[in-house]
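The values are calculated or read from the model by the stated rules, or taken from the named source; none is laboratory data. Remember, it's a predicted structure, so these values are computed and weren't measured experimentally. Positions of Cβ are generated from backbone atoms using ideal geometry, with glycine treated the same way; all protein chains shown enter the neighbour counts.
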Amino acid sequence: MIKLYPHQEQSLIQTKNKNRVAYYLDMGLGKTFVASEKAQELNKPALVVCQKSKIRDWVEHFRQNYNLSLTVINYDLIWRRPKYLEWTDFTLILDESSLIKNETAKRTKYILGLHPANVILLSGTPTGGKYEKLWSQCRLLGWNISKKLFYDHYIITETIEVGGFPIKKVVGYRNVDRLKHKLRQYGAVFMKTEDVFDLPEQVDIVMPIAVNKEYRRFKRDRYLVFEHVELVGDTSLKQLLYERQLCGQYNKNKIVALKDLIESTNDRMIIFYNFTAEFDIIKTLTDRPISFINGAGMNLTNYENWSDSITLVQYQAGAMGHNLERGNIIVYFTPPLSSELFEQSKKRIHRIGQTKPCFYYYLVIEKSVEEKILDVLKQRQNFTDALFKEAGD
């Protein structure tokens with residue numbers, strides 16, 4: 001028998017007698033428990049779509065607590081399985097429903113083409129601050145508003161020219177309170193952590209690190225041969241990629257700073273990174289027990305069993321949905337470009353069950369693109385969006 005927190009029980013009460021619901025509960029408030037209890041109430045076979053790294057968690061959760069028939073599949077595979085389009089009498093659960101925000105993506109088109117009897121959407125960041133990304137979720141909740149009408153009522157756009165082509169850019173929002181009220185009518189529950197719990201203090205610590213000559217040379221010439229690798233920044237995206245790598249895997253100052261930081265404490269430490277090469281370097285810096293969450297898989301045995309463990313987490317694979325509150329230290333070896341992944345990553349330790357202050361260390365190369373990225377992320381914007389804006393100015 002699962003014992004729910006009062007805020008979880010309240011979420012179920014608010015959605016009583018509704019068969020299409022969205023639990024937009026802040027990261028750490030236990031959306032999985034609310035969703036599974038709702039699925040039990042609806043009493044239909046459940047199809048859970050989630051990130052690959054969360055499949056085992058969902059299977060184990062239902063196996064231990066419920067007798068419902070369960071199918072769990074990840075977002076990258078769901079659209080490759082036409083058989084689910086024939087299903088009808090089931091409950092669809094989307095874990096991190098913000099992952100269907102792009103209505104033109106194959107996964108989103110496929111999911112919108114399903115025929116569930118019931119729908120449960122879960123996300124701590126349903127829009128990532130971008131209300132235009134909500135339209136697909138509105139449709140799943142049964143609000144059959146057209147995309148044009150949705151934009152007319154709630155989204156402010158302007159037309160800019162990029163490369164000689166006119167493109168519509170979102171510049172603001174209107175009627176936001178009305179939009180949230182409408183979503184609540186269609187079964188959405190919004191809840192922030194600070195409205196429910198008094199969680200420990202969060203402390204940000206920026207560690208400035210000297211830029212290297214290779215970065216400055218590439219920044220000037222957009223070309224560099226370095227460690228038997230040729231870097232050619234012939235497009236803006238390639239230039240951004242190589243500048244980021246020169247701030248991470250190719251910057252010995254940062255690698256030394258991370259090693260020193262690891263050696264400064266025996267407490268559990270969570271390290272977020274972007275690229276496989278970063279993972280390969282970081283794991284050689286210590287002989288402490290290593291756990292990881294990345295595109296190749298997940299192994300948290302050392303995290304769970306050793307108080308001095310180091311857990312390496314790749315943003316795309318592990319910034320969402322994982323409970324890492326046994327640790328209270330996160331180190332950002334390199335920052336992400338996505339505001340949503342950035343905000344989600346911080347909540348891996350700042351959640352229910354955390355009793356210690358949470359410390360966030362940002363290893364930032366001075367006078368580099370990393371300073372710009374961090375400034376944009378603090379404004380809860382994606383860095384690629386900022387580049388796009390600059391291109392249109």
Arg174 - would you say it is more than 17 Å from Ile330 (Cβ to Cβ) and in contact with a His (Cβ under 8 Å, 6 or more places away or on another chain)? yes
Name the single residue, out of those in the stretch 282-339 being out of contact with any Ser or Thr (no Cβ under 9 Å at 6 or more places or on another chain) and buried (at least 19 other Cβ atoms within 10 Å of the Cβ), that is farthest from Gly30 (Cα to Cα). Ile282
Please enumerate the residues belonging to the stretch 263-282 that are at pLDDT 95 or above and within 25 Å of Pro357 (Cβ to Cβ). Arg268, Met269, Ile270, Ile271, Phe272, Tyr273, Ile282
Can you go through Arg56, Arg80 and tell me which one is basic (Lys, Arg), surrounded by fewer than 19 Cβ atoms within 10 Å (Cβ to Cβ), assigned by TED's automatic domain parsing to the domain that holds Tyr186 and in a loop (DSSP other than H, G, I, E, B)? Arg80
Of the residues that sit in the stretch 214-245 and are assigned to a helix (DSSP H, G or I), among the acidic types (Asp, Glu) and free of Cβ contacts under 8 Å to residues at least 40 places away in the same chain, which one is surrounded by the fewest Cβ atoms within 10 Å (Cβ to Cβ)? Asp221
Output for the stretch 225-241, where each listed residue is closer than 23 Å to Thr384 by Cα and among the aliphatic types (A, V, I, L, M): Leu231, Val232, Leu237, Leu240, Leu241
Cβ-Cβ below 9 Å, separation at least six or inter-chain, first residue in the stretch 291-313 and farther than 17 Å from Gln51 by Cα, second among the acidic types (Asp, Glu) and at pLDDT below 95: which pairs? Ser307/Asp267; Asp308/Asp267
For the stretch 61-68, check the following and say yes or no: at least one residue is hydrophobic (A, V, I, L, M, F, W, C), more than 25 Å from Thr301 (Cα to Cα) and surrounded by fewer than 19 Cβ atoms within 10 Å (Cβ to Cβ). yes
Please go through the stretch 272-281 and pick out each residue that is touching a strand residue (DSSP E or B) at 6+ places or on another chain (Cβ under 6 Å) and part of a helix (DSSP H, G or I). Phe279
Take Leu42 and decide whether it is at pLDDT 95 or above, farther than 16 Å from Leu141 by Cβ and not acidic (Asp, Glu). no
Test: Lys16 is free of Cβ contacts under 8 Å to residues at least 12 places away in the same chain and assigned to a loop (DSSP other than H, G, I, E, B): yes
Looking at (1) modelled with pLDDT under 95; (2) outside any helix (DSSP H, G or I), which is the only condition Leu285 fails? (1)
Inside the stretch 110-125, can you point out the residues that are closer than 17 Å to Tyr23 by Cβ and in a loop (DSSP other than H, G, I, E, B)? Pro116, Ser123, Gly124, Thr125
Only one of (1) within 30 Å of Asn19 (Cβ to Cβ); (2) assigned to a loop (DSSP other than H, G, I, E, B) is not met by Val211, so which one is it? (1)
Within the stretch 246-271, the count of residues that are in a loop (DSSP other than H, G, I, E, B) and either within 14 Å of Ile281 (Cβ to Cβ) or not assigned by TED's automatic domain parsing to the domain that holds Lys367 (or both) comes to 4
Quick one: in the stretch 83-109, of everything that is part of a loop (DSSP other than H, G, I, E, B), at pLDDT below 95 and not small (Gly, Ala, Ser), which residue is farthest from Thr125 (Cα to Cα)? Thr104
